[in-house]
Amino acid sequence: MNLPHTQTPPVTTRRPLDRAALPAPVLDAEPELIDLYWAAWELAYDHVVTREGAPRSPYMDEGFDPDTIWIWDTCFMAHFCKYAPDLFPGVESFDNFYRPMYDAEPTTLRIHHPDNPPLFAWSEEEYVRHTGDLDRVRWLLRDKAYLQQHFAFMEATPAGSRFPHSNIATTVQRVPRGYLWEGVTSGMDNTPRAPIQGEHGTSGDILWFDVAAQQALSARSIARLARLIGADELAAEYDGHHARLVALVNDFWSAEHGSYFDRFAEEPYDFHRVRTPAVYWPLLAGACDAAQADALAAALADPKCFGGPVPWPSVARDDPEFRPDGMYWRGGVWIPVAYASARALADSGHQDLAHRASLDLIRHMARTWSSYSPATIWEAYSPTLPAPSTAKDDRTPVRPDFCGWSALAPISMLIEHILGFRVDALTRTVHYRRYLPGRTGIRNLRCGDTRVTMVADDTTLTVETDGPITLSLPDRDIPLTPGHHTLYGLFHDSLES
C-alpha cells in the first residue's frame with residue numbers, strides 16, 4: 001500500500017551551489033549566453049528537493065506540482081544533470097518511478113502518467129556515456145530488469161489501467177496497426193494532433209507514431225546497454241524489437257510530404273496531416289534512411305515549417321492551428337522537444353543545422369530573459385516574440401522558473417551543439433566540433449572520472465586533462481596523455497562569423 005499523498009511542499013536544497021564543481025563554458029563573443037547558463041544551473045538547484053516517504057530523496061522536482069512527478073520531465077532533466085552528477089540527482093530520481101512501479105514500494109509521490117513517453121532507457125544510456133558506471137547498467141538490466149519491464153509495460157498495459165502509485169488512468173494501448181494514446185499523456189497536451197472529431201465520421205482516435213518511435217528508441221538503448229555488460233542474448237532480443245518497431249514507424253511516413261503523420265485508427269487509416277516536432281523521434285530512434293533524414297532537416301530549415309528566427313514551434317507555422325503567441329502546444333517552443341530534435345539531427349549528419357537552430361533558440365531565451373519581466377527561464381516560449389508562450393487559454397503566460405527541463409537549452413544544448421562537445425566515458429573520448437570563431441571552449445568538463453579543459457581560439461587549441469583521453473575531431477583522433485597540450489593547425493576558415 002502506498003503512503004498517503006500530501007500537498008506539503010518538498011524541501012529545497014539550501015546550501016549554496018558550488019560552481020567550481022560544474023563545467024564552465026567559454027564563449028567570449030556572447031557573454032549573455034554564459035550568464036543564462038549559470039542562471040539555469042542556479043534555478044535547477046532550487047529543484048533538488050527532499051521529501052519524506054519518497055523512495056529516493058533528494059530528487060529532481062520538475063517545477064509543476066509539489067507531490068506529483070512526471071516520467072518525461074524527469075528523464076529530460078537527467079540530460080543536464082549528467083554534467084554534474086554529484087550535485088544533481090538525475091538518474092537517481094528515476095527510482096521514484098522504478099521502485100513503486102516495479103517493486104511495489106510505498107511512496108508519498110504520485111506518478112501522474114505512468115504511460116508518459118518511455119524515455120528511461122535512452123536517458124540511462126546517455127548517462128552511462130558520461131559517467132562510465134557499468135555497475136548501474138548491470139543493476140538495471142540483470143538485477144532489476146527495470147528497463148525491460150518498462151518496455152513491456154508500454155507494450156501490454158490496457159488503456160484505462162489504474163495503479164496505486166498513480167492518480168490517473170493510463171491511455172496508451174498497443175493495437176494491431178500501432179498505438180492509441182492521447183495528447184496529455186503524450187506530453188503534448190493540447191496538440192491539434194488529437195482531434196475531437198476525425199475525418200470520415202470517425203471518433204477521432206488516432207494512432208500516434210511518436211510512441212512507436214520512443215519504444216524503438218528504448219529498444220535500441222536497451223540493446224546497446226546490454227552489449228556494454230556482455231549480455232548478448234538480451235541485446236539480440238531488443239535488436240529484434242527495434243527492427244519490428246522501425247518497420248511500424250515507417251508505416252507513418254508520407255513520401256509525398258516528406259514527413260511522419262499520425263493515422264486515423266479506423267479504415268481507411270488515412271494520414272492525420274498535422275506536422276509537429278514529434279517527427280524527430282523516429283530520427284532519434286534510428287528509424288530513418290538518409291533521404292528521410294534530409295527531408296526532416298529541410299523542415300527545420302524551412303521558415304514556413306519548424307524554422308525561422310525562433311525554431312521548433314510545436315506546430316508547423318503553416319498549419320491553420322498555429323498560434324503566434326504559443327497557446328501551449330499550438331505553437332509554443334518546448335525545450336525538451338528541441339533538445340531531442342537537435343540530437344537526432346546531429347547524430348544523422350546534420351550537425352551544422354542542429355548548431356544553427358540551437359544557437360537561434362538559446363539567443364531567443366536570452367532575449368526573453370533580458371526584455372521580459374520577470375527575468376527567468378520559462379516552461380515554454382513564444383514562437384514569435386521574446387516572451388514566454390501563452391498557456392492553453394492563449395492569454396496567461398506559462399510557468400516561470402522551469403528548470404525543470406527548460407534548463408536543457410542553456411546547459412546541454414550550449415555544451416553539445418553551440419560549443420560542440422560530446423563525451424564518451426566508456427572509451428575515454430571527448431568529441432569536439434568547433435563551430436564558432438573567437439575564443440570558445442569549456443573548463444572542468446567531466447569524462448567519467450577525468451576532468452578536461454579545452455579552450456580554442458582561431459589558431460590554437462589548448463587542452464588540460466588529468467587523465468588520458470582521446471580527442472576526437474571531425475577529421476582525426478588525437479590521443480592525449482595527462483597534462484597540458486597546445487595544438488596548432490586544427491581548424492579551417494569555414495567557421496560561421
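Brief remarks on what is shown
- Matching option when the condition is at pLDDT below 95 and out of contact with any Cys (no Cβ under 6 Å at 6 or more places or on another chain), among Arg14, Arg56: Arg14
- Out of Arg224, Arg193, Arg174, sole residue that is among the basic types (Lys, Arg), touching an Asp or Glu at 6+ places or on another chain (Cβ under 7 Å) and at pLDDT below 95: Arg193
- Verdict on Leu234 being in contact (Cβ under 8 Å) with a residue 60 or more places away in the chain and either within 30 Å of Pro303 (Cα to Cα) or outside the structural domain of Arg129 (by TED's automatic domain parsing) (or both): no
- Test: residue in the range 57-68 that is part of a loop (DSSP other than H, G, I, E, B) and of a type in the set (Phe, Trp, Tyr): yes
- For beta carbons closer than 8 Å, sequence separation of 6+ or different chains, a first residue in the range 163-185 that is part of a strand (DSSP E or B) and a second that is acidic (Asp, Glu), the qualifying pairs are Arg174/Glu155; Gly178/Asp251; Leu180/Asp205.
- Taken as a whole, the range 338-357 holds no residue that is more than 18 Å from the chain's Cα centre (by Cα) and aliphatic (A, V, I, L, M).
- Count - residues of the range 389-413 that are assigned to a loop (DSSP other than H, G, I, E, B), under 21 Å from the mean Cα position of the chain (by Cα) and either acidic (Asp, Glu) or crowded, with 23+ Cβ neighbours inside 10 Å (or both): 5
- Put simply, of Arg193, Arg263, Arg220 the only residue that is in a loop (DSSP other than H, G, I, E, B) and basic (Lys, Arg) is Arg193.
- Residue in the range 295-318 that is of a type outside the set (A, V, I, L, M) and in a helix (DSSP H, G or I) present: no
- Unique match (being assigned by TED's automatic domain parsing to the domain that holds Thr376, in contact (Cβ under 8 Å) with a residue 24 or more places away in the chain and surrounded by 22 or more Cβ atoms within 10 Å (Cβ to Cβ)) among Pro66, Pro114, Pro106, Pro85: Pro114
- Filtered residues of the range 447-480 (kept if part of a loop (DSSP other than H, G, I, E, B) and either closer than 19 Å to Gly132 by Cβ or touching a residue at least 40 places away in the same chain (Cβ under 8 Å) (or both)): Gly448, Asp449, Asp466, Gly467, Pro468, Pro474
- When we screen Gly240, Gly307, Gly258, Gly332 for residues that are buried (at least 22 other Cβ atoms within 10 Å of the Cβ) and either over 22 Å from the mean Cα position of the chain (by Cα) or more than 19 Å from Phe209 (Cα to Cα) (or both), the only hit is Gly332.
- So Pro383, is it surrounded by fewer than 24 Cβ atoms within 10 Å (Cβ to Cβ), assigned to a loop (DSSP other than H, G, I, E, B) and not hydrophobic (A, V, I, L, M, F, W, C): no
- Residues of the range 423-437 that turn out to be closer than 30 Å to Ile229 by Cβ and buried (at least 19 other Cβ atoms within 10 Å of the Cβ), as a count: 5
- Out of Gly349, Gly326, sole residue that is over 29 Å from Asp46 (Cβ atoms) and either surrounded by 24 or more Cβ atoms within 10 Å (Cβ to Cβ) or without any contact (Cβ under 8 Å) to a residue 60 or more places away in the chain (or both): Gly349
- When residues of the range 129-140 are limited to those that are in a helix (DSSP H, G or I) and touching a Leu at 6+ places or on another chain (Cβ under 7 Å), the one surrounded by the fewest Cβ atoms within 10 Å (Cβ to Cβ): Leu134
- Checked across the range 211-220, the condition of being free of Cβ contacts under 8 Å to residues at least 12 places away in the same chain and within 25 Å of Met327 (Cβ to Cβ) holds for no residue.
- Which listed residue, of Pro100, Pro118, is over 23 Å from Pro410 (Cβ atoms), outside any helix (DSSP H, G or I) and modelled with pLDDT of 95 or more: Pro118
- Some residue of the range 414-429 being in contact with a Cys (Cβ under 7 Å, 6 or more places away or on another chain), at pLDDT 95 or above and not in a strand (DSSP E or B): yes
- The range 389-412 residues that are over 12 Å from Ile362 (Cβ atoms) and assigned by TED's automatic domain parsing to the domain that holds Pro31, paired with ones that are of a type in the set (Phe, Trp, Tyr) and outside any loop (DSSP other than H, G, I, E, B) (beta carbon under 6 Å, 6 or more apart): Ser389/Tyr381; Trp405/Phe76
The values are calculated or read from the model by the stated rules, or taken from the named source; none is laboratory data. Keep in mind the model is a prediction, meaning the values are calculated, not measured. Heads up, the Cβs are rebuilt from the backbone with ideal geometry, glycines too, and the neighbour counts pull from every protein chain shown.
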